[in-house]
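Notes follow once the structure below has been shown.
Bear in mind that the values in this text are calculations on the coordinates, not laboratory data. Being a predicted model, the structure only gives us computed values, none of them experimental. Because the Cβ atoms are built from the backbone with ideal geometry, glycine has one as well, and the counts that use them run over all protein chains shown.
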Amino acid sequence: MRFRITPRDTTFFDLFTASAEHLVTGSKLLSELLGADRQGRKAIAKQMNDAEHLADEATHTILRRINSTFVTPFDRDDIYALASALDDCMDFMEEASDLIVLYKLDDLPRRVADQIQILQRCAEITAEAMPRLRSMQDLSDYWVEINRLENQADKLHRKLLAQMFDDVSDPIELMKLKEVVEILEEAADAFEKVANTVETIAVKES
Amino acid sequence: MRFRITPRDTTFFDLFTASAEHLVTGSKLLSELLGADRQGRKAIAKQMNDAEHLADEATHTILRRINSTFVTPFDRDDIYALASALDDCMDFMEEASDLIVLYKLDDLPRRVADQIQILQRCAEITAEAMPRLRSMQDLSDYWVEINRLENQADKLHRKLLAQMFDDVSDPIELMKLKEVVEILEEAADAFEKVANTVETIAVKES
Amino acid sequence: MRFRITPRDTTFFDLFTASAEHLVTGSKLLSELLGADRQGRKAIAKQMNDAEHLADEATHTILRRINSTFVTPFDRDDIYALASALDDCMDFMEEASDLIVLYKLDDLPRRVADQIQILQRCAEITAEAMPRLRSMQDLSDYWVEINRLENQADKLHRKLLAQMFDDVSDPIELMKLKEVVEILEEAADAFEKVANTVETIAVKES
C-alpha cells in the first residue's frame, strides 16, 4: 500500500456505492416482474424505468464531479469507465424488463428466472465491493466471484437457447424470447465489465 | 482555460471535422435511399459505399498523423478513440443501406424514416461540434443534445420493434427488418459514443 | 527506435505469443469440426472447450504478471487491452463451435467454411506478429493484412446472409444459422481489435 501524500476526494466511493445500489434495486424488480401477472408487470416495468432514471442521474453526478475535482482517487479515465460500466448494467436490465412487457411474454422459460437470479447475485456483490475501492483491499474475491457467475450465466444462456429452439415452435415467439434472453446475458457481461474495470484500477493502484 | 506553452498541431481539428462531414453525407444518402425505388436504391447504396471508403481514408489519415506528430492537441489514445468512434457511425449507416438493398426490403415501416432523421440530426450537430474541439468551448450543448437524441432513438426503436412484431406475420421478413432496425439503433449508439469520447476529452482538458 | 534505459520484462512477449497460439489451435479445430459428422463434432467441440480453458489461463497469467511486474514493456492498460482482445477471439470461436453442436446444424452453407478459413489466416498471422512486439519492427504489414482480411470477412458475411435468406425457408433453421454466422463475424472483428490494439501500442512506442 502506497502512502498518500495528497488528500483525495473520498465521495467518489460513496457515489459508486450509490450507483451500484441502484443495480440491486433493478435486479430485484426484474425478479418481481417475472412472478407478476400482465397488469403487475406493467407497474413493475414503470418502477424499473424510474430506477433507471435514478441510476442515470447517479452516473451523471459522478461524471460532473470528475470535472470539478482537482485530485481524484484514481485516474479520471478509470472513474469514467467504471461509472459507464455500472450504468450499462442498469440499461440492459431495464431494456429486458421493458421488452418482456412490450412483447407480452406471459410464459417465460423457467431458466430465465435462473438468469435473473445470477444478475441479482452480481448486483449484490458489486454493491458490497464498491466501498472497498477506498482501501483497495479484499477486491480480488469480488472479481473472481463475478467471473465465476458470468461463466455460469454463459453456460445457462447456451442451454436456454438450445432448449428454446427445441421447445418453441412459433418462430415469432422464439425471436421475442431470444432477444430477452440475450439482453439478460448482455447484462451479465456488463457486470463482468464492471469487475474487469475494478481489477484494472486495483492493478494500477497496487 | 489553460495557457498553452507548446504549439499544437491544429490540423487534427480539420481532420475530425472532415471525418464528421462524411457522416452528414452518409445520413443524407440513407434518407434518400428510403425514398427511392429498388433501382434507385442500388445506385444510392453504391454512393454510400463510396462515402464509407472516403470516411475510412479520413480515419486512416488521422491515425497516420498521430504517428508522425510530436505534439498532439490531446492524448494520442483519445485521438485514436475519437477517430474510431466517428468511423463506427459510418460503418453502421453503410451496413444498414447495404442490407436494405440486399434483403430487397421494399416496404419499410414509416418509423424507420424517423430513425434515419434522428441519425441525420446527430450527424449534423456532430459535424458542427468538431471545430469547437479547438477551443474546447460550448461543447456541452452538443453532448447533451446527442444524449437526448439517443434516448429518443432508443424509445423509437423499442416502439418500432413492438409494432413490427404485431404487424409483420412473415418471420423471415421480420428477421430482415429487425436486423436493419437494430443496425440503425447501433448507429445512434455510435453517435453517442462519439459524444462520450468528446466529453472525456473535454473533462481532461478543462 | 528509442534507447531503453530500464531493463524490461521480456516474458510478456512470450506470453502474448502463447496466447495467440491457442487461437491457431482454436481456428484449426473449428475447421476440423466443419468436416466432421455429428459424433465427431461433439468430440471436437470438447477439444475446443479445453483449448478455450487453456487460453483463459494464458490470459490470467498475463494479467497476474502485470500485477507483479515493476517495469512492463508497455503501458499496463495496453497489456490488459491486448490480453483481453486475444481472449475475445477465442471466446467467439468456442461459442460458434458449441452452438454448431447444440443446434445440430448438420448442413452449414459452404461459405461458412470460407469464414473459418479467414479466421485461420487471422490466427496464424496474429501468432506470427506477437514476437515482433519485442522490437516493434515490421508490425504494420500485420495490421494492414488483418484489416484486409476483416474487410473480406465482412463482405463474405453479408453475401452469406443474403444467400441464406434466399435459400433457407425454415425460419427456425435460419435463426440458428444466422446466429452462428454472426458469431464467426464477431470473431473476425475481434481479430481486428487485436490488430488495432497492437497498432495503438506501436504508435505510442514509435
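Under 13 Å from the 7 Å Cα→Cβ point of residue B:50, by amide nitrogen: which residues of segment B:95-116?
Inside the label zone: nothing.
Do the sum for chain C: with -39,500 (n - 2.57) for every DSSP H run of n ≥ 4, divided by all residues, what is the mean residue ellipticity at 222 nm, to the nearest 500 deg cm²/dmol? Please report the intermediate quantities before stating the final value.
On the way: 6 runs with 166 residues, N = 206.
After summing the helix terms and dividing by the residues of chain C, the value is -29000 deg cm²/dmol.
First select every other residue whose beta carbon is under 11 angstrom from the beta carbon of residue B:60; then total the charges, Lys and Arg +1, Asp and Glu -1. Present the calculation step by step, with values, prior to reporting the outcome.
On the way: positive: B:64, B:65; negative: B:56, B:57, B:87, C:199.
Its environment carries a net charge of -2.
Could you give the size of the charge dipole of chain B about its Cα centre, using +1 on the Cβ of each K and R and -1 on the Cβ of each D and E, expressed in debye and rounded to the nearest 20?
500 debye
Write down the radius of gyration of segment C:11-205 and its Dmax, each obtained from C-alpha positions, in Å.
17.3, 59
For segment C:132-206, take the alpha-carbon Rg, divide it by the Kirkwood Rh, and send me Rg/Rh. Don't skip to the answer; put the middle values down first.
Working: Rg = 16.8 Å, Rh = 14.1 Å.
Rounded to two decimals, Rg over Rh is 1.19.
With each label point set 7 Å from Cα along the Cα-Cβ vector, what nm distance links residue B:205 and residue B:111?
3.8 nm
Modelling each spin label as a point 7 Å along the Cα-to-Cβ direction, I'd like the residue C:76/residue B:64 distance in nm, to one decimal.
With each label point 7 Å from Cα toward Cβ, the separation is 3.6 nm.
Give me the number: length gained by fully extending residue B:159 to residue B:37, i.e. 0.36 nm times residue separation minus the C-alpha to C-alpha distance, one decimal in nm. Mind dumping the intermediate values first?
Numbers: separation 122, 0.36 × 122 = 43.92 nm, distance 2.60 nm.
Result for the pair: 41.3 nm of gain on full extension.
Toward the positive end of the charge dipole of chain C, about the Cα centre and with charges on Cβ (Lys, Arg +1; Asp, Glu -1), which of C:165, C:86, C:152 goes farthest?
C:86
Which lysines have a Cα lying under 18 Å from the Cα of residue B:155, excluding residues fewer than 8 positions away in the same chain?
Reachable lysines: A:42, A:46, A:104, A:176, B:178, B:193.
For C:158, B:110, what's the fewest-to-most ordering of other Cβ within 10 Å of each Cβ? Mind showing how you got there, number by number?
Working: C:158 15, B:110 10.
By the 10 Å Cβ count, ascending, the order reads B:110, C:158.
Report the Cα centroid-to-centroid distance between segment A:28-48 and segment C:144-206 in angstrom, as an integer.
38 Å
For the protein assembly as shown, what is the largest minus smallest coordinate of the Cα atoms on each principal axis, given in angstrom and ordered from greatest to least?
Result, largest extent first: 64, 53, 51 Å.
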